[in-house]
Amino acid sequence: DFKCLMFFCPLCRYNRIAPSLGVDIISLNEKWQLMNSNSSVSLSAEVPGCVHTTLQRQGFISDPYYRFNDLAYRWISLDNWTYTTSFSVPTHVRGKGKAVLVFEGVDTVSTISLNGVTIGKTDNMFRRYDFEVTGLLKDEENVLQVWIMSAVTYASQRSHAHTEYRVPPDCPPPVQKGECHVNFIRKAQSSFSWDWGPSFPTLGIWKEVRLEVFNSSRVLSYTTSPKYDSEHSSWNVEVELFFDVFVASKGLVHLSIPLLQSEAEFQLSLTPGQILVNNNLDIYDDNKCVHFKSVSLWWPFGHGEQFLYYLTIDVNLEGGETFNVAFRTVELVQEPIPSSPGLSFYFRINGKPIFLKGSNWIPVHAFQDQVTTDMITILLRSAQKANMNTLRVWGGGVYEQDIFYSLCDMYGIMIWQDFMFACALYPTEKDFIQTVREEVTHQVRRLKSHPSVVIWSGNNENEAAIATDWFNISVAARPLYVKDYVNLYVENIRDIVLQEDSTRPFLVSSPTNGVESEKEGWVAKDPYDPHYGDTHYYSYYKDCWDWTAFPRTRFASEYGFQSWPSLSTLSKVSVSSDWDFSSNFSAHRQHHEDGNQQMLKQAELHYILPNSTDPVQKYRDTIYITQVMQAQCVKIQTEFYRRSRSDIVEGKGHTMGTLYWQLNDIWQGPSWSSVEFGGKWKMLHYWATDFYAPILSAGVEDKGDLLIYGVSDSHSEKHNVKAKVKLHSWSSFNAVCSLESNVTKIKAGGSTLVFQHSISALLMQCGNCTRRSCIVAFHLSSPEGQLISPHNHMFLSSPRYAEGLQKPNITDTGIVQNFFVTLHCSFPAVYVWLDVDNIPGHFDVNGFLMLSKKSTVIFGAWRPTTAEEITANLHITSLRDVY
């Protein structure tokens, strides 16, 4: 479980920045001094870090996330700041031929000087910068200074200098309380605000700084690309070594994968400059015959093992570096489908079609220096525990840390990797294009060795922004913006990706019509066309229980509903007077227009809203009802997509991916997430473990019939199953009646109808049941009665109209050893929710239907705790308790 998060992982060795031996490295991640523009603020600082974090740690400001501090601390981002440090260099090091200062990441616009001499400038937080400082190093103290300009000011200046035509949007919607012109700076686009997060346009040195000094050469980076030759059924590993050469030299490169008994040696001949050396390591079996089966493949979670081999790269026989390498193929299949116009859109991994199940990943924190390995691990393990095999790293945030991708490699979580462009048009001046080219080259080389990365995507929603005219561009001006779009994403980003990486597909945008968009000049007439590519779909006022309103798309890469996080999460950044849906705090924290009303309106369609006379209890209950609504809505939509994988209805269907919006939160506030800031699971995340199960039973009403489908992710195994169906009255624990289907073989990698029955006939057959007085519970079992799918249920009418639903009077008998919680109730209960406030961990089930007098759940703690602590913090809620 999550109990051992502090760990050393030998499989996580994916640091591709590996200077060769003979290079002296001096870390400059020690203490720095930080000062604002008029010297009124001066204090010590840590690198990596940012200004906000430094000010908070030094006690100069309180928690930036607290209440309205995002507005109170706006002045920090509007000022310019200077980082200064001093260091000495040993004589034997200073005497070497070349010295380079390496900045892995500066946020964002800076001028850097050493000993009073300007050595370079930065304008892109997503790039590594190397500045040669040979001849500038002093015998004694060296002073390094990094002057960082306000990102807000810089973006504004660049926008106003772009006078020929506007590049929208100028500013975010007022509800976001954000800053303007973020599309003019190569920085996390969400740092100026988003509809789920605050405006904190950070400044700082957010990654490590070091001095590298050498006589001959240094290795800038390594990349490994396993490639499969289908013609010869063989594998080889392409190894790229990037050198910075000062003096021409010769040498050897030795490559080996001991477990595969494969090795090779190559001559090196290096000339001054930045040099790429490309070598191939062929994979043989014991008979020296190239063989596909001689390797163990890397598979997505739920489809096989995630086998990682050690690859040793030894330059000049000096000891070498060991990295991970994994063997897998990926194809994005876009081909005609029988009985359907358009094209398919699905992923084949190692030749097998894979249904992608997962969510979208946003930045873990507004201040990246505060993101820890534990935070990333909890989120990724939570995703895996919910049976996810894919996360989309969304294009308005950051390219994630190395450890993120290494853990995804281990956990079998595939990554859809956006480039960092989102919901905007972008300038195409020469210097902007050039810094983007450097960014893309750097990030592709950094990430392409990871088997978890299965696709590159150029941007988030920018094709749709032009196609559906988000920004009121005139018909006459549209060709200019299309030309800029093609220039940036096709002629530059796509061109670089295709040069750097031939092992995985590239999409220009999301959503997109894929190859059809390409045929239409890269901007399709309708990028949301469900016959092609992927779609994003949101509808907050339509009844989310009406599955017929959802697009029967090839691939659903965004969809979702908002909810509020738990009171224990919000209480860390609020006071009791804030705990009201009509409070200033509730309005301030909501960055999506009409978001709070949308949640309540959607909930009110099917539930009676909380009406406690205790304000705090009503607030807690309202949070609960938003999470109930969100879980139910996303469940209905996801089950619709999963059962559509085999269907073609009116030419639409063959859905092969669901990535709901969104997995995680950047702060404590309302959002579409299933996991709260801090790692606590919302009800949606508990439900995802079931609706993303490898074998799913999905129920739906269609034209008066109850249909139950069996959905299987299996590649080959065909399961013989029966659907077991029970109708339960809200007023009794005894099933009113039970039915089961004939044995049906559910197809591998598909959706199969296993049960169909007229609902009116079913109610008549059962006797004492009406749509309002009963609920349908069902699951799939083997012919022998073994449980095959998670338990599921379906309402025959809205719970707000339920007849006989009574307060269940749920009690617990205390927490026993191993944190078993035994619940007792007087009547059936729906959406039974257990909350233990700030104790980190999760239950084995939650938000469940309780159809028996007694039920036992287990709490898995992520830190040491006691039964007494859990008992003291336990809150139990069901739907009937909130009104």
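The values are calculated or read from the model by the stated rules, or taken from the named source; none is laboratory data. As the structure is a computational prediction, the values presented were derived from the model and not from experiment. All Cβ positions, even for glycine, are placed from backbone atoms using ideal geometry, and neighbour counts span all protein chains on display. Only protein heavy atoms, including side chains, enter the accessible area calculation; ligands, DNA and RNA are left aside. Shrake-Rupley method; radii C 1.70, N 1.55, O 1.52, S 1.80 Å.
Listed values, structure above:
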read-out	value
E263 open to solvent by 10 Å² or more (accessible area, probe 1.4 Å), over 30 Å from T111 (Cα atoms) and modelled with pLDDT under 95	yes
Pairs with Cβ under 9 Å, 6+ apart, first in segment 820-835 and closer than 18 Å to W730 by Cβ, second part of a strand (DSSP E or B) and of a type in the set (G, A, S)	L823/A829; L823/S855; H824/S855; C825/S855; P828/S729; V832/S855
Among residues of segment 85-103, those that are surrounded by 18 or more Cβ atoms within 10 Å (Cβ to Cβ) and in a loop (DSSP other than H, G, I, E, B), counted	2
Residues satisfying the stated conditions in segment 533-544, i.e. touching a strand residue (DSSP E or B) at 6+ places or on another chain (Cβ under 8 Å), in a loop (DSSP other than H, G, I, E, B) and open to solvent by 10 Å² or more (accessible area, probe 1.4 Å)	Y538
Residues (of a type outside the set (S, T, Y) and within 31 Å of the chain's Cα centre (by Cα)) located in segment 77-120	L78, V102, F103, E104, G105, V106, D107, V109
Test: residue in segment 174-184 that is surrounded by fewer than 23 Cβ atoms within 10 Å (Cβ to Cβ), of a type in the set (D, E) and in the same structural domain as V47 (by the TED database)	no
Counted residues, segment 519-532 - those being open to solvent by 60 Å² or more (accessible area, probe 1.4 Å) and in a loop (DSSP other than H, G, I, E, B)	4
Test: residue in segment 384-404 that is outside the structural domain of R128 (by the TED database), of a type in the set (K, R), closer than 29 Å to L308 by Cβ and open to solvent by less than 10 Å² (accessible area, probe 1.4 Å)	yes
Residue match in segment 849-869 (condition: in contact (Cβ under 8 Å) with a residue 40 or more places away in the chain, in contact with a helix residue (DSSP H, G or I) (Cβ under 6 Å, 6 or more places away or on another chain) and not in a strand (DSSP E or B))	no
Scope segment 610-641; condition polar (S, T, N, Q), closer than 11 Å to L684 by Cα and under 22 Å from the mean Cα position of the chain (by Cα); matching residues	Q627, Q630, Q632
Segment 789-836 - residue that is crowded, with 19+ Cβ neighbours inside 10 Å and among the small types (G, A, S) and, of those, farthest from the chain's Cα centre (by Cα)	A802
Which listed residue is surrounded by fewer than 16 Cβ atoms within 10 Å (Cβ to Cβ), under 28 Å from V711 (Cα atoms) and not assigned by the TED database to the domain that holds A631, from S781, S738	S738
Residue in segment 134-152 that is most open to solvent (accessible area, probe 1.4 Å), counting only those that are outside any strand (DSSP E or B) and either within 29 Å of D79 (Cβ to Cβ) or among the acidic types (D, E) (or both)	E140
Count of residues meeting criterion [modelled with pLDDT under 95 and either of a type in the set (G, A, S) or in the same structural domain as K448 (by the TED database) (or both)] in segment 304-321	2
Selection status of S712, open to solvent by less than 10 Å² (accessible area, probe 1.4 Å) and either outside the structural domain of T548 (by the TED database) or more than 25 Å from T626 (Cα to Cα) (or both)	yes
Those residues of segment 454-499 which are open to solvent by 30 Å² or more (accessible area, probe 1.4 Å), in a helix (DSSP H, G or I) and acidic (D, E), in sequence order	E491, D495
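Conditions tested, residue by residue: (1) over 29 Å from S714 (Cα atoms); (2) touching a strand residue (DSSP E or B) at 6+ places or on another chain (Cβ under 7 Å); (3) surrounded by fewer than 21 Cβ atoms within 10 Å (Cβ to Cβ); (4) at pLDDT 95 or above.
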site	(1), (2), (3), (4)
P198	yes, no, no, yes
W206	yes, yes, no, yes
D285	yes, no, yes, no
W298	no, yes, no, yes
G302	no, no, yes, yes
